[in-house]
1. Residue pairs, Cβ under 9 Å, 6 or more apart or interchain, first in segment B:196-211 and assigned by TED's automatic domain parsing to the domain that holds residue B:165 and among the hydroxyl-bearing types (Ser, Thr, Tyr), second more than 6 Å from DNA strand D (Cβ to nearest atom) and modelled with pLDDT under 95. List them.
2. Taking segment A:198-224 as the region of interest, how many residues are part of a helix (DSSP H, G or I) and within 13 Å of DNA strand C (Cβ to nearest atom)?
3. Within the group A:59, A:85, which residue is of a type outside the set (Asp, Glu), in a loop (DSSP other than H, G, I, E, B) and touching a Phe, Trp or Tyr at 6+ places or on another chain (Cβ under 8 Å)?
4. Considering each of B:91, B:79, B:75, B:99 in turn, give the residue that is surrounded by fewer than 21 Cβ atoms within 10 Å (Cβ to Cβ) and modelled with pLDDT of 75 or more.
5. Which members of segment B:198-225 meet the condition of being closer than 29 Å to residue A:119 by Cα, near DNA strand D (Cβ under 7 Å from one of its atoms) and more than 10 Å from chain A (Cβ to nearest Cβ)?
6. What residue, of A:185, A:167, is away from DNA strand D (no atom under 16 Å from the Cβ), within 24 Å of residue B:125 (Cα to Cα) and in a helix (DSSP H, G or I)?
7. For the structure I just gave you, tell me whether residue B:174 is within 12 Å of DNA strand D (Cβ to nearest atom) and assigned to a loop (DSSP other than H, G, I, E, B).
2 protein chains.
Amino acid sequence: MTNAGKRVLIVDDEAPIREMIAVALEMAGYECLEAENVQDAHSLVVDQRPDMILLDWMLPGVSGIEFARRLKREEATAELPIIMLTAKGEEENKVQGLESGADDYITKPFSPRELVARLKAVLRRATPPGVEETIEVNGLILDPVCHRVMAHDKAVDVGPTEYRLLQFFMTHQERAYSRSQLLDQVWGGNVYVEERTVDVHIRRLRKALGQSHEQLIQTVRGTGYRFSTKAS
Amino acid sequence: MTNAGKRVLIVDDEAPIREMIAVALEMAGYECLEAENVQDAHSLVVDQRPDMILLDWMLPGVSGIEFARRLKREEATAELPIIMLTAKGEEENKVQGLESGADDYITKPFSPRELVARLKAVLRRATPPGVEETIEVNGLILDPVCHRVMAHDKAVDVGPTEYRLLQFFMTHQERAYSRSQLLDQVWGGNVYVEERTVDVHIRRLRKALGQSHEQLIQTVRGTGYRFSTKAS
DNA sequence: AACACTTGTCACATACCTGTAACATCTCAC
DNA sequence: GTGAGATGTTACAGGTATGTGACAAGTGTT
């Protein structure tokens, strides 16, 4: 779900280990980038902008810890979550590792499951919540924080897609959208669904809103739909 | 209901606007305090301890945003809900406004109805009792001091995790939380457990609460869970 | 060591949501 | 009015999210 498609940069000088990690992460739905030294890693960070880094402690040339510090110093990369990888028995370095700015720390050998779990946890913490405002129109209230829709103080029961649809409409009032625009905006660009599917969800949303508010969603014949407080 | 008699502090330098807002709110059953600058506002906050603040963006002297930041910084007032008022076309300030700690944001001109709706929404979800205070909802009582849960004067037997979960929910009512957020908030940030584990503990908690109260914990499909006294 | 209790995970059951098709109804040009 | 295209409406099969019970491992107690 929310973690799907996140890009993880794996930095380790041993190819088999990189490979193992990459396989584990890809099975979990992540996209992987790989680098075997700090120079390559840095190019990839700048170039590909991954969502997080798995960084081996021991690296030829510049050490992992050095690299982590550098990333944290630079404005553009300071927020990049880093998980440090280290061999067993280097416990005493832990503190140093975390002080270098790493967000977590994992000891080899580790199970793929543990790796994925930690990675999720770190990503979760690093993703700041979006702006959450309450929107009100003619007694119809959409409250993103409570993830709820109310019509004249009565809860309206809408499914996930209808909720997103309504949220989009309420944040983009008075303007007409074609079915394909709605598919892009509400469903997300990379899905393939019939345009008529939009009609069905519009219908479901109207039904859920009930007589009192269904006329807010207006049909623009030959074009699509529009959310408007003005009668058509 | 719970909103009756709440005291709202209106901070705006234009008297007519303050008056208009005050009338609207009083009709809706709120009690109003008024201030035309930050100095007066601050005195009133300290002195009268209002339940929330309607704060104009543009103020002579110290700006509204500055004031909001100050309030959020101070321990005693950090929890005070704030709704920012701003003139149309200052959209670009929106993010800044919310970052300053405002809980919502409303653009002039607005209808009294809209204002009241938002105010309700903000108040509804922003009344977190102190840690040591017992919380009561529909005959369900959580007593942090005795570390105990009672349903209609009968002790409810819950495990440690379910207790923390319930406590979190009761101090953060009405708001929807994802499984990730619950893991962060209830389990603590540094644990690595499956998201579905949350479901299991929700189940255990519901079971422990019994028919009389289990509907307080609502499923928000596709998102997570919510503790709410209102039917879904 | 046996026990009671808690916890995280799994496997299966169930409920709900989704996209599509098929048919009904509407609108407009002719 | 008629027909073609657009939209409304319903039903349904399959997929996905959540509910639920069981279990093994861990912990602390007796």
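The values are calculated or read from the model by the stated rules, or taken from the named source; none is laboratory data. Remember, it's a predicted structure, so these values are computed and weren't measured experimentally. Glycine gets a Cβ as well: all are built from the backbone with ideal geometry, and neighbour counts include every protein chain shown.
1. B:197/B:179; B:197/B:183; B:197/B:187
2. Within segment A:198-224, the first condition is being part of a helix (DSSP H, G or I), and the residues that meet it are A:198-209, A:214-216.
Right, trim to within 13 Å of DNA strand C (Cβ to nearest atom) and you get A:198-205, A:207-208.
So the count comes out to 10.
3. Details: A:85 fails: in a loop (DSSP other than H, G, I, E, B).
Just a single option satisfies the conditions, and that option is A:59.
4. Values: B:91 fails: modelled with pLDDT of 75 or more; B:75 fails: modelled with pLDDT of 75 or more; B:99 fails: modelled with pLDDT of 75 or more.
Selected residue: B:79, the only one of B:91, B:79, B:75, B:99 that is surrounded by fewer than 21 Cβ atoms within 10 Å (Cβ to Cβ) and modelled with pLDDT of 75 or more.
5. B:199, B:200, B:202, B:203, B:219
6. Numbers: A:185 fails: within 24 Å of residue B:125 (Cα to Cα).
One residue alone meets the criteria, A:167.
7. On the way: within 12 Å of DNA strand D (Cβ to nearest atom): no; assigned to a loop (DSSP other than H, G, I, E, B): yes.
It is false that residue B:174 is within 12 Å of DNA strand D (Cβ to nearest atom) and assigned to a loop (DSSP other than H, G, I, E, B).
So that you can scan it fast, the table gives a plain yes or no per residue for (1) within 30 Å of residue B:103 (Cβ to Cβ); (2) touching a Cys at 6+ places or on another chain (Cβ under 8 Å); (3) surrounded by 15 or more Cβ atoms within 10 Å (Cβ to Cβ):
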residue: A:142; (1), (2), (3): yes, no, yes
residue: A:155; (1), (2), (3): yes, no, yes
residue: A:169; (1), (2), (3): yes, no, yes
residue: A:178; (1), (2), (3): no, no, yes
residue: A:184; (1), (2), (3): no, no, no
residue: A:190; (1), (2), (3): no, no, no
residue: A:207; (1), (2), (3): no, no, no
residue: A:213; (1), (2), (3): yes, no, yes
